[in-house]
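Have a look at the structure below, then the notes.
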Amino acid sequence: MEEIVALYAHDEVPGRVVGTAPRSLMRAGNLPHAAVKILVRDVEGRVYVHRRTETKDVFPGLDDAWIGGVITAGEEPDTAAVRELAEELGLRDQVLRPLAQQWYTDAHTTFLAYTYETVYDPEGHGPIVHQQTEVADGWWLPWDRLTARIAEDGMRFAPDSSELLARYATASRMQP
């Protein structure tokens, strides 16, 4: 059965649901929807970066610094963030700090990003376990190395990941 996603108004009222559609129709028509994006940092401040599988329906095979996915019909953003973190990395009971709601649009996708940040501690949360259908590989990068990699070979990074990281850096006044 195909996933049904919530469609959002792309206007000044963030978070206004205006309908639903099957995921394939949303992708085919680049319909405005919502997604959660979670930046996972460790106790040393490094960021968890992962490579998307080649089977992903948007930005396959590219690196991404945000864990997340589409908000389904009837699902709240906080619930979706908890679900995505558990599905993609096997992490449960993480404290999620909401960051911002912001639109991202390009030729492939249009979504309202509900962004979050969490701090991962392997002592308290166990090992990271990738969902094989979504995450091909993963590794930790210090903030300065992450931003340098994006500047060096930005095409390897999902464009939404790069843009949302730039916005995060500006908003949080992160220093490379």
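VAL18 satisfies every condition listed in (1) exposed (fewer than 13 other Cβ atoms within 10 Å of the Cβ); (2) among the aliphatic types (A, V, I, L, M); (3) under 17 Å from GLN131 (Cα atoms) except (3).
Per-residue answers, yes or no, for (1) of a type in the set (Phe, Trp, Tyr); (2) touching a Cys at 6+ places or on another chain (Cβ under 6 Å); (3) more than 23 Å from THR72 (Cβ to Cβ):
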| residue | (1), (2), (3) |
| --- | --- |
| GLN101 | no, no, no |
| ASP106 | no, no, no |
| PHE111 | yes, no, no |
| ASP137 | no, no, yes |
| GLU163 | no, no, yes |
| ARG167 | no, no, yes |
| SER172 | no, no, yes |
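You will find that of TYR8, TYR48, the residue that is under 21 Å from ALA107 (Cβ atoms), surrounded by 18 or more Cβ atoms within 10 Å (Cβ to Cβ) and hydroxyl-bearing (Ser, Thr, Tyr) is TYR8 and no other. Take the conditions under 17 Å from LEU96 (Cα atoms), in contact (Cβ under 8 Å) with a residue 60 or more places away in the chain and not aliphatic (A, V, I, L, M) and apply them to ARG41. Does it pass? Yes: the conditions hold for ARG41.
Table: residues versus (1) of a type in the set (D, E, K, R); (2) more than 15 Å from ASP137 (Cβ to Cβ); (3) not in a helix (DSSP H, G or I).
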| position | (1), (2), (3) |
| --- | --- |
| ALA6 | no, yes, yes |
| VAL13 | no, yes, yes |
| THR20 | no, yes, yes |
| MET26 | no, yes, no |
| ALA34 | no, yes, yes |
| GLY45 | no, yes, yes |
| TYR48 | no, no, yes |
| LYS56 | yes, no, yes |
| GLY61 | no, no, yes |
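Here the stretch 87-110 is the region considered, the condition is being in contact with a Lys or Arg (Cβ under 9 Å, 6 or more places away or on another chain) and of a type in the set (A, V, I, L, M, F, W, C), and the residue that is farthest from PRO32 (Cα to Cα) is LEU99. Only residues that are in a helix (DSSP H, G or I) and either of a type in the set (S, T, N, Q) or surrounded by fewer than 15 Cβ atoms within 10 Å (Cβ to Cβ) (or both) were counted in the stretch 70-86, giving 2.
Within the stretch 8-23, residues that are without any contact (Cβ under 8 Å) to a residue 40 or more places away in the chain have Cβ atoms under 7 Å from residues that are of a type in the set (Lys, Arg) in these pairs: ALA9/ARG16, counting only partners at least 6 apart in sequence or on another chain. The residues listed here are ILE150, ILE128, ILE67; of these, the one that is of a type in the set (Val, Ile, Thr), surrounded by 13 or more Cβ atoms within 10 Å (Cβ to Cβ) and assigned to a helix (DSSP H, G or I) is ILE150.
The numbers here are math on the coordinates, done by the rules we state, and not lab data. All figures in this text were calculated on a predicted structure; none of them were measured in a lab. In this analysis, Cβ positions are derived from the backbone assuming ideal geometry, glycine residues included, and neighbour counts consider all displayed protein chains.
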